[in-house]
Amino acid sequence: MAAASTNSFLVGNNTQIPKSTSQSLLHLTKPNTLTLAGKTKPVSVRCVSSTPQVQDGATRSTPTTGSQDRVFNFAAGPATLPENVLLKAQADLYNWRGSGMSVMEMSHRGKEFLSIIQKAESDLRQLLEIPSEYSVLFLQGGATTQFAALPLNLCKPDDTVDFVVTGSWGDKAVKEAKKYCKTNVVWSGKADKYTKVPSFNELEQSVDAKYMHICANETIHGVEFKDYPVPKNGFLVADMSSNFCSKPVDVSKFGVIYGGAQKNVGPSGVTIVIIRKDLIGNAQEITPVMLDYKIHDENASLYNTPPCFGIYMCGLVFEDLLEQGGLKEVERKNQRKADLLYNAIEESKGFFRCPVEKSVRSLMNVPFTLEKSELEGEFIKEAAKEKMVQLKGHRSVGGMRASIYNAMPLAGVEKLVAFMKDFQAKHA
């Protein structure tokens, strides 16, 4: 079989297409015809450009798939990713930077992937201004696995951990930690259906607490810490899964920051842990090797095969956030989107309602209900027809929820707000 030159693609019947006419890949397998240099011949096309499409014997130009083909995805996670990041990954999917292979095919110990994971860490450190005395770990298992890993690594069975519970995820963290240490819930918002954050002065902390755990942004209930408590004893640990890299954070205020990547910085499958180095190396004897921070730190997150493609995607997102101007600029954009949506809810005069106390409403996850709850199903259905999807609230609370993470464009929120006003006009 003839080999394609470095300046062409090879399709069926050994026909070569110059690279200058091809930019990305199509999934075409049926026999067709190809017109090239004035000559027409039948070919079986496997990998050709999406720019020149062959139809009825003629070559027609079609633009790369873009915004016009995509919905506004308000899912809580996995969530929408930046379009330019997806297109960049698409362009490099088949042959990453001339390596002759996809990122999905690389050895995690090869020089190509090492350059990817090292740059991802470097860019994340720059974004969050992570001090040198902190390690960055790229792990697996989601934030839920960290509910067990944290007490196993940071305390002994007789140690006490304080918890501030502002939603479902904080509650789940307590239940898991109970298996490996003593727990003390210093405050819970359950009685108020998780709609507020406590005054830090009223927290009755344990005198011997090893650390205090919070969930910085509760994805389900839409409650977000705007400031952080200072533990009287020990250090602060935060689950930042749903507001990770959405705004600047003073990492030095925390012993550990952790979160799943699938909401704000990548696809599902990657868990990021930022941990102060002096807290590593004291795991309980029963700690499984895959949950031991010391193992992962000593092996630079490469003890076993990591979620390579997910880490690569996170790296592309970090690059994108830096190119936007960093997290201060990202926060400004997020605030604008959130203000637009919350103002629309308030201006509806009760037709739409957000149960969360105004001072702690999340910039990322906006839960809301309808005054006429029987209309909620219709709202979700009609929104989907307008290419706005995943607006149904979490099964545990109902209603609606719009997750407006970093990658949700302002245009998506503007379209949702316009739809809400039209819906109210029809049904008020």
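The values are calculated or read from the model by the stated rules, or taken from the named source; none is laboratory data. Keep in mind the model is a prediction, meaning the values are calculated, not measured. Cβ atoms come from the backbone with ideal geometry, glycine included; neighbour counts cover every protein chain shown. We work out accessible area using only protein heavy atoms, side chains counted, and drop any ligands, DNA or RNA first. Shrake-Rupley method; radii C 1.70, N 1.55, O 1.52, S 1.80 Å.
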Worksheet item: Given the residues Tyr211, Tyr228, which is the only one that is among the aromatic types (Phe, Trp, Tyr), open to solvent by less than 60 Å² (accessible area, probe 1.4 Å) and assigned to a loop (DSSP other than H, G, I, E, B)?
Response: Tyr228
Response to the item:
Considering residues that are assigned to a helix (DSSP H, G or I), open to solvent by less than 20 Å² (accessible area, probe 1.4 Å), more than 16 Å from Ala216 (Cβ to Cβ) and out of contact with any Lys or Arg (no Cβ under 8 Å at 6 or more places or on another chain), the number found within the range 128-150 is 1
Response to the item:
Of the residues in the range 59-116, those that are charged (D, E, K, R), modelled with pLDDT of 95 or more and either in contact with a strand residue (DSSP E or B) (Cβ under 9 Å, 6 or more places away or on another chain) or loosely packed, with under 12 Cβ neighbours inside 10 Å (or both) come to Arg97, Arg109, Lys111
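Residue-wise test of (1) at pLDDT below 95; (2) open to solvent by 20 Å² or more (accessible area, probe 1.4 Å); (3) in a loop (DSSP other than H, G, I, E, B).
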residue	(1), (2), (3)
Asp278	no, yes, no
Glu285	no, yes, yes
Met290	no, yes, no
Ile295	no, yes, no
Leu302	no, no, yes
Worksheet entry | Flag if Ala384 is part of a helix (DSSP H, G or I), of a type outside the set (Val, Ile, Thr) and under 29 Å from Gly260 (Cβ atoms) | yes
Item to complete: Kindly indicate whether any position in the range 361-377 is in contact with a Leu (Cβ under 8 Å, 6 or more places away or on another chain) and in a helix (DSSP H, G or I).
Response: yes
Fill in: Selection status of Ser241, in a loop (DSSP other than H, G, I, E, B), at pLDDT 95 or above and open to solvent by 10 Å² or more (accessible area, probe 1.4 Å)
yes
Fill in: Residues satisfying the stated conditions in the range 176-194, i.e. of a type in the set (Asp, Glu) and over 29 Å from the mean Cα position of the chain (by Cα)
none
